[in-house]
Structures are given as C-alpha cells and as structure tokens.
Amino acid sequence: MARLILRRSALALFVVFAISVICFLLSHVAVDPASGVAGDSATDEDLAAIRIQYGFDRPLIVQYSDYVAGVLQGDLGNSYLSGEPVSKLIAERIPATALLACLSIGFALALAVPLGVLAALRPNSWLDRFALTLAVVGQAIPNFWAGLLLILLFGVNLGWLPISGSSSLAHFVLPAITLGSFAMPALMRLIRAGMIDVLEADYIRTARAMGLSKGKILFRYALRNAILPVISLTAVQFGFMLGGSIIVESVFAIQGIGYLAWQSMSRSDMPVIQAIVLFISMIYIFLTLVADLSNAALDPRIRERS
C-alpha cells in the first residue's frame, strides 16, 4: 500500500507541475500580459513601461520560477482590474462553490444509488426502462436550459424558491438540482451495470444457497463491491462540478468561483483565470488521488496489481 501511495502521489505531483506550466504559458504566450494590465487604449510606450514594471521583459524561465515560488507561498498575484490579491478573491468565493458542489453530488447520489440498484434487481422491467430514460434525458438537457426551466417553474410561476443569489441555503436548491441532474445519469448507469455483474457472481449464488437474507446479500455483499467504481466516478464528478459550475453559477448569479471565472474571462483578467484553472485542477487531482487510494484500501486486488 505504501508503494502504491508513493507512485500515485508522484504521478499527481507531475500532473500538477504540467498544469502549472500550461497555465503559465497560456497567460504569457497566448496573450500579451502587458496588454491585459494596460488596456486596449495603451500606447507602445505604455506597454514597454508596463513590461519593465511587472518584469514581463525577463526570460520566461525566470518568470515561471517567480510564479512557482509565489504559488508555493500562497501568492497568486493581483487582479488586473481590481488590484486585489487573487488568493483573496478565490478564498471569498470558495464557500459558495463548495456548498453547491456538495449539495449537487448529494442530490445525484440520492437519486443514482436507489435507481441503479432497483433497475439492476429488475432488468428490462418498466422500472429499468424508466431509470435509463431518466438518465438519457438528464444527460441530454444542457445545464443552462434546465436551470432556466427550474427558474420559470419553481421561482417565477410557483414562487417556492429564490432564483438568484447565494445568501441562504434555499438559494442553492435549484442550482444543486440543475448541476446534480447532469452528474446523476453516469452514476446511475455505473451502479446498475455493477450491480447486474455482481448479482450474477458465484459468491452471490453461494450466499443465496446458504440461506442469507436478501437484504444482507444486497447491501453487505453485492452493493459493497458494486460501489467501488462509483467512488472514483464520484470524485471525478465532484471535480467536474467545481470546474463546470461556471454556467450554473452564472445562470443563478451565485457568487462562487465559477461566476468569478466567467467575470474574469469576459474582462480578460488573466491572473484570476490562471489561478482558478490551477486551483480547480489541483482539487480535481487531489480528489482523484483520494478516490484511487480509497479503492485500493477497499479492494485488495487493486493493491496486488499495483
């Protein structure tokens, strides 16, 4: 297990390094950072002065070294627009995005697990077809359109829930349903497929022959083994929700990282965009690492193969 942890951790660090290089190059090669600071009306003399002031005239390797050193110390630079530290802007938006992601993945699992299990217990039944149809519909509907429909129904017509903002828990209900409904189909299909395979395994037939109760067989033996791939997918979906919440947060005007990213992209505020991409990527890599190690801890076969 220790060897597996070292190997996966080293791979995760390498991926973080690669992403940091890509983020740095995109903000210094794809666009001119001096133009982002000075604005569209700047003259050539203004751009030259800004390059000297901010060190943009130095070799890229030197700038990257300073960038990495700043990141390691928690310094992500300052926003071109507001002049505030980027780390402060992100820290102020993390709670809203984290709450939205947790509620969304909770909603997705609350639907996916029971639907997947019930569909696997009765394959090709009306319940199985209903679950698969719901999965297809949930995967096909775009987030922004689903969000607008929920706003019209529950916010405008019925008036049950607020449609914008993030000042209370009620403001997160519609966004969580919107974001969670997109993650639910993949989780449900994986649970269904895993349960069908496990229920046909020899040890399940042996457990039935021994006279064990259906509930014990289902939850202690079948679901425990079928849920292992879901752990990895849940981590991936959670990371996707942190990064993919841009549209949902924009539709519902939630002051989270996604909404901050949308504002920064519309204004070409490269330090904020660069920091958000790096931050979300690191969270995504961390969650994937935790999921891999959790699967290895639960399944000895993974440790043996590693």
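A few remarks follow.
- Failed criterion for residue 92 (all others in (1) under 18 Å from residue 195 (Cα atoms); (2) modelled with pLDDT of 85 or more; (3) open to solvent by 50 Å² or more (accessible area, probe 1.4 Å) hold): (1)
- When 32, 75, 40, 44 are checked against the criterion of being farther than 18 Å from residue 269 by Cβ, out of contact with any His (no Cβ under 6 Å at 6 or more places or on another chain) and either at pLDDT 75 or above or of a type in the set (D, E, K, R) (or both), a single residue qualifies: 44.
- Filtering region 142-154 to residues that are at pLDDT below 80 and surrounded by 15 or more Cβ atoms within 10 Å (Cβ to Cβ) leaves only 143.
- For residue 181, the test of being surrounded by 20 or more Cβ atoms within 10 Å (Cβ to Cβ), in a loop (DSSP other than H, G, I, E, B) and either of a type in the set (Asp, Glu) or touching a residue at least 60 places away in the same chain (Cβ under 8 Å) (or both) is failed.
- Considering region 48-67, the residues that are surrounded by 15 or more Cβ atoms within 10 Å (Cβ to Cβ) and either among the acidic types (Asp, Glu) or modelled with pLDDT of 75 or more (or both) include one that is nearest to the chain's Cα centre (by Cα), namely 67.
- Filter pass, residue 239 being open to solvent by less than 20 Å² (accessible area, probe 1.4 Å) and not hydrophobic (A, V, I, L, M, F, W, C): yes
- Considering 254, 285, 273, the condition of being of a type in the set (A, V, I, L, M, F, W, C), at pLDDT 80 or above and not in a helix (DSSP H, G or I) is satisfied by 254 alone.
- Among (1) open to solvent by less than 60 Å² (accessible area, probe 1.4 Å); (2) touching a residue at least 60 places away in the same chain (Cβ under 8 Å), the one test that residue 121 misses: (1)
- Criterion: free of Cβ contacts under 8 Å to residues at least 12 places away in the same chain, open to solvent by less than 60 Å² (accessible area, probe 1.4 Å) and either farther than 23 Å from residue 19 by Cα or in contact with a strand residue (DSSP E or B) (Cβ under 7 Å, 6 or more places away or on another chain) (or both) - qualifying residue of 83, 106, 70: 83
- Residues (buried (at least 16 other Cβ atoms within 10 Å of the Cβ) and either among the charged types (D, E, K, R) or assigned to a loop (DSSP other than H, G, I, E, B) (or both)) located in region 160-178: 161, 162, 163, 166
- All positions within region 124-141 that are over 22 Å from the mean Cα position of the chain (by Cα) and loosely packed, with under 14 Cβ neighbours inside 10 Å: 124, 125, 126, 129, 130, 133
- Lone qualifier among 257, 231, 246, 227 - being under 30 Å from residue 269 (Cα atoms) and open to solvent by 40 Å² or more (accessible area, probe 1.4 Å): 246
The values are calculated or read from the model by the stated rules, or taken from the named source; none is laboratory data. Small disclaimer: the values here were computed from a predicted structure and weren't measured. Quick reminder, even Gly has a Cβ in these numbers, built from the backbone with ideal geometry, and neighbours come from all protein chains shown. Surface areas here come from the heavy atoms of the whole protein model, side chains and all, with no ligands, DNA or RNA. Shrake-Rupley method; radii C 1.70, N 1.55, O 1.52, S 1.80 Å.
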